[in-house]
Amino acid sequence: MSSYNNTARFSEARRVAIFGGTHGNEMSGVTLVNLWMKNSAEIKRKGVEAVPFITNPKAVEKCTRYVDTDLNRAFTPENLSAPGGDDLPYEVQRAQEINRIFGPKGSPEAYDVIFDLHNTTSNMGCTLILESSKDHFNLQMMNYIKVGDLKMHVKAQPQGVLRSNIFEAMRVILKHALDFIELFNEGVEFPPCTVEVFRVLERIDYPRDANGNIIAMVHPNLQDCDWEPLNPGDPMFQTFDGKTIHYQGSGTVYPTFINEAAYYEKQQAFITTRRETLVASAIIKA
């Protein structure tokens with residue numbers, strides 16, 4: 001990226017990967033990628049090579065989140081640099097293979113854009129997750145997707161289940177994202193914009209006893225209230241004998257991934273976030 005007169009200049013995004021099945025029981029991405037692998041007409045854009053790819057085929061075959069370990073947590077420098085071999089966990093082997101095909105991660109040879117499609121059992125609606133708040137290209141893409149109209153109410157999707165509204169919402173997101181990339185590559189300048197985001201603060205575990213057993217549930221007042229304000233003193237958990245545990249934080253936060261099924265093993269009841277407005281500079285093709 002370079003900058004000139006407050007306009008950020010980026011190289012063309014010519015190679016785009018679309019991942020589904022990183023978690024093998026998250027069916028929207030699995031189904032869309034399989035669909036596009038058979039017929040890629042829907043994801044074709046002028047000057048863009050869009051490659052749909054099933055990242056964790058053994059987990060997809062078993063309709064389980066993973067086989068040996070969470071692939072979404074396997075792309076660490078240690079795993080990617082480990083000597084290869086069948087003794088490695090299956091997902092670490094896959095991470096190394098994916099890194100060889102679409103990377104190496106952080107190198108000039110890596111794909112320009114990667115979309116990794118996921119579902120959640122939480123009531124989060126259409127959620128776009130960024131690794132960096134300073135990535136003006138992706139902030140502009142998020143703004144374009146939002147302007148492209150995602151005013152649809154999408155609820156949680158159970159693991160191993162395919163819901164048509166969530167399938168179609170994900171399809172629309174990818175359409176707008178690919179449209180944005182095509183326009184950018186054609187030389188369209190995107191003016192400065194602001195994007196409302198939620199920055200991760202803290203991961204909150206369920207209350208537990210001395211033996212590590214869960215002793216409370218997400219409170220009914222909090223359940224399904226992703227992205228809604230949680231204020232000090234608000235109900236947060238409810239013990240099995242009916243007592244309420246209140247949020248004791250110093251200020252208002254916005255919880256998300258509330259009661260996500262896959263995060264019980266990670267000892268996480270929800271994530272707290274704070275609401276922010278980010279400013280993306282104007283961008284244009286270099």
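The values are calculated or read from the model by the stated rules, or taken from the named source; none is laboratory data. This structure is a prediction, so every number in the text was calculated from the model and none was measured. Cβ: placed from backbone, ideal geometry, glycine included. Neighbour counts: every protein chain shown. Only protein heavy atoms, including side chains, enter the accessible area calculation; ligands, DNA and RNA are left aside. Shrake-Rupley method; radii C 1.70, N 1.55, O 1.52, S 1.80 Å.
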Percent antiparallel among DSSP beta bridges with both residues in the chain, to the nearest 5? 65 percent
With contacts defined as alpha carbon pairs under 8 Å and 6 or more residues apart, what's the relative contact order of the stretch 180-286 in percent? 39 percent
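Please report the relative contact order for the stretch 9-144, taking Cα pairs under 8 Å with a sequence separation of at least 6, and give it as a percent rounded to a whole number. Intermediate values should be presented prior to the final figure.
Numbers: 187 pairs, mean separation 42.0, N = 136.
That works out to 31 percent.
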List the pairs from 46/175; 105/175; 38/62; 62/175; 134/285; 38/285 whose alpha-carbon separation is above 23 Å, in the order I gave them. 105/175; 62/175; 38/285
List the extent of the Cα atoms of the stretch 1-90 along each of their three principal axes, largest first, rounded to whole Å. 51, 35, 20
Please report the carbon-and-sulfur percent of the accessible area for the stretch 197-280; probe 1.4 Å, protein heavy atoms only, DNA, RNA and ligands left out. 48 percent
If DNA, RNA and ligands are ignored and the probe is 1.4 Å, what is the ranking of 44, 175 by accessible area, most exposed first? 44, 175
How large is the accessible surface per residue of the chain, computed with a 1.4 Å probe and reported in Å² as a whole number? 52 Å²
Take 234, 226 and sort them by solvent-accessible surface of the protein heavy atoms, 1.4 Å probe, largest at the top. 234, 226
Can you tell which of 251, 20, 29 shows the greatest fluctuation in a Gaussian network model of the chain with Cα springs below 10 Å? 251
Area of residue 73 that stays accessible when all protein chains are in place (1.4 Å probe, Å², to 10): 110 Å²
Leaving out ligands, DNA and RNA, what percent of the accessible area of the stretch 8-190 is carbon and sulfur, probe 1.4 Å? 52 percent
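Kindly give the semi-axes, whole Å and largest first, of the ellipsoid equivalent to the stretch 197-280, taking each as the square root of 5 times a Cα gyration tensor eigenvalue.
Numbers: eigenvalues 111, 42, 22 Å².
They are 24, 14, 10 Å, listed largest first.
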Two pseudo-spin positions, 7 Å from Cα along C-beta at residue 34 and at residue 172, lie apart in nanometres by 2.4 nm
Connecting every pair of Cα atoms under 10 Å apart in the chain and solving the GNM, the largest mean-square fluctuation among 241, 224, 135 falls on 241
Per-residue ellipticity at 222 nm attributable to helices in the chain (runs of n ≥ 4 DSSP H, -39500 (n - 2.57) apiece, nearest 500 deg cm²/dmol) works out to -7500 deg cm²/dmol
Round to the nearest 10 and report in Å² the accessible area of residue 225, as given by a 1.4 Å probe over the protein chains' heavy atoms. 30 Å²
Could you tell me how far the Cα centroid of the stretch 74-102 sits from the Cα centroid of the stretch 172-190, in Å? 32 Å
Please check the chain for the longest run free of GluC sites (Glu not before Pro) that are loop-located per DSSP (anything but H, G, I, E, B) and have at most 12 other Cβ atoms within 10 Å. 1-108
Between the stretch 8-32 and the stretch 227-250, what's the alpha-carbon centroid distance in Å? 36 Å
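Let me check against my output: what whole-number percent is the relative contact order of the chain, with C-alpha pairs under 8 Å and at least 6 apart?
On the way: 548 pairs, mean separation 61.7, N = 286.
Relative contact order comes out at 22 percent.
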